[in-house]
Amino acid sequence: MTLPVMEPGLDAATLETWARAVDDGPFSSLCFGERMAFDNPETLTLLGAVAAWTRRVRLVTTVVVPQLHDPVLLAKSLATADLLSDGRLTVGVGVGGREEDYRAVGADPSTQTIVGMADRVATMRRVWAGEKVSEDVGPVGPPPVQAGGPPVHVGTMGPRTVRAAAAWADGLAGFTLDLDPAKAAELFALAREAWAEAGRPAPHLATSFWFAVSDDAAAARAQVHRHLRHYMSWLPASLVDAIAPTTGFAGTAGELHDVLTAMAEAGADEVQLVPTSADPAQLAAAAQWMP
């Protein structure tokens with residue numbers, strides 16, 4: 001389950017309520033992602049709070065963009081989160097889909113590439129391994145609880161990133177717009193093949209999608225539409241309106257169960273649900289029909 005970090009009007013109480021409910025519920029992971037030119041909470045700061053609010057679930061960044069950070073400082077921050085959560089951190093990374101996020105922090109937009117991301121992940125792993133970051137600078141701690149550092153999953157919606165990341169990533173942090181299990185199965189099969197060719201252990205396979213649960217299908221679809229209008233505010237409203245009727249899940253809790261089951265049968269190790277409302281009732285509705 002993803003925290004509703006991209007919803008407007010959040011406060012600390014809402015975030016803590018969600019985090020504790022996810023930790024108490026049937027969910028395997030608590031996820032949240034990063035944006036800069038937006039009104040969401042800052043990801044690394046929130047990691048510290050969520051580590052304190054939870055005891056069981058894994059904490060997953062879906063995703064953090066390494067090119068928006070100094071890689072040594074990012075590695076130190078994430079190692080600290082791994083320490084505070086007693087080794088429950090998984091780091092999802094991606095290049096990000098918005099150049100404005102790069103401009104907001106003075107990052108170089110030309111680094112918005114898979115190679116640029118991989119270079120920074122390599123630096124982070126050297127930090128986590130306790131290696132010197134340069135000849136005149138010693139190791140940067142703290143050491144992560146997980147030996148070698150947290151697992152790193154690559155954010156992707158297509159085969160190009162999968163093939164490029166097979167040599168260094170530990171799994172996929174995928175996203176689907178149309179909830180097509182057949183397409184997901186194809187991507188998962190490609191990932192297993194690419195990881196095997198790279199001589200790597202089998203990857204962790206995750207996908208995610210926006211959801212709204214209601215017995216009123218029209219109300220659920222309207223909720224998704226409102227969320228997309230807010231979250232995709234950098235796009236023309238006409239484009240968002242065109243994709244909203246078929247993007248994500250909008251339906252009953254039982255229908256959500258059927259979609260999750262289909263994704264599991266397609267090979268997903270985990271499905272990370274992305275809420276389109278900060279109402280905790282959405283969390284409870286999703287929890288009641290988990291496969």
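The values are calculated or read from the model by the stated rules, or taken from the named source; none is laboratory data. All figures in this text were calculated on a predicted structure; none of them were measured in a lab. So basically every Cβ, Gly included, is an ideal-geometry build from the backbone, and we count neighbours across all protein chains shown.
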When segment 131-177 is examined, which residues are found to be aromatic (Phe, Trp, Tyr) and within 21 Å of THR247 (Cβ to Cβ)?
PHE175
Result of the Cβ filter at 7 Å on segment 158-180, keeping first residues that are closer than 15 Å to SER208 by Cβ and partners that are part of a loop (DSSP other than H, G, I, E, B) and of a type in the set (S, T, N, Q), at least 6 apart or interchain, is LEU177/THR247
Residue check: is ALA287 surrounded by fewer than 20 Cβ atoms within 10 Å (Cβ to Cβ) and either in contact with a Pro (Cβ under 6 Å, 6 or more places away or on another chain) or at positive phi (or both)?
yes
Residue that is nearest to the chain's Cα centre (by Cα) [pool: residues in segment 14-30 that are surrounded by 19 or more Cβ atoms within 10 Å (Cβ to Cβ) and free of Cβ contacts under 8 Å to residues at least 40 places away in the same chain]:
LEU30
For segment 228-240: of the residues being of a type in the set (Ser, Thr, Tyr) and in a helix (DSSP H, G or I), which is surrounded by the most Cβ atoms within 10 Å (Cβ to Cβ)?
TYR231
What are the residue pairs meeting all of these: first residue in segment 271-289, first residue closer than 15 Å to PRO26 by Cβ, second residue assigned to a loop (DSSP other than H, G, I, E, B) and modelled with pLDDT under 95, Cβ atoms under 8 Å, and 6 or more apart or on different chains?
LEU283/GLY25; ALA287/GLY25; ALA287/PRO26
Checking the structure you have, find out if any residue of segment 241-253 is among the acidic types (Asp, Glu), part of a helix (DSSP H, G or I) and modelled with pLDDT of 95 or more.
yes
Given the conditions (1) touching a Pro at 6+ places or on another chain (Cβ under 9 Å); (2) part of a strand (DSSP E or B), which single one is not true for ALA278?
(2)
Filter result (under 15 Å from SER208 (Cβ atoms) and surrounded by fewer than 18 Cβ atoms within 10 Å (Cβ to Cβ)) within segment 263-277
ALA264, GLY267, ASP269
Can you tell me how many residues within segment 140-158 are touching a Phe, Trp or Tyr at 6+ places or on another chain (Cβ under 8 Å) and surrounded by fewer than 22 Cβ atoms within 10 Å (Cβ to Cβ)?
3
Please work out if THR54 is surrounded by 23 or more Cβ atoms within 10 Å (Cβ to Cβ), among the polar types (S, T, N, Q) and modelled with pLDDT of 95 or more.
no
Is it the case, given these coordinates, that GLY116 is over 22 Å from PHE211 (Cβ atoms) and out of contact with any Gly (no Cβ under 9 Å at 6 or more places or on another chain)?
yes
Would you check which residues across segment 178-194 are part of a helix (DSSP H, G or I) and under 26 Å from ALA244 (Cβ atoms) and list them?
PRO181, ALA182, LYS183, ALA184, ALA185, GLU186, LEU187
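To keep it simple, each residue is scored yes or no on (1) surrounded by 21 or more Cβ atoms within 10 Å (Cβ to Cβ); (2) under 18 Å from PRO150 (Cα atoms); (3) touching a strand residue (DSSP E or B) at 6+ places or on another chain (Cβ under 9 Å); (4) β-branched (Val, Ile, Thr).
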residue: PHE32; (1), (2), (3), (4): yes, yes, yes, no
residue: ALA37; (1), (2), (3), (4): no, no, no, no
residue: GLU42; (1), (2), (3), (4): no, no, no, no
residue: THR45; (1), (2), (3), (4): no, yes, no, yes
residue: ARG58; (1), (2), (3), (4): no, yes, yes, no
residue: VAL63; (1), (2), (3), (4): yes, yes, yes, yes
residue: LEU73; (1), (2), (3), (4): no, yes, no, no
Of the residues in segment 259-290, those that are within 21 Å of VAL22 (Cα to Cα) and of a type outside the set (A, V, I, L, M) come to THR261, ASP269, GLU270, GLN272, PRO275, THR276, SER277, ASP279, PRO280, GLN282, GLN288, TRP289
For segment 77-110, give me the residue count where each residue is crowded, with 20+ Cβ neighbours inside 10 Å, acidic (Asp, Glu) and within 21 Å of PHE175 (Cβ to Cβ).
1
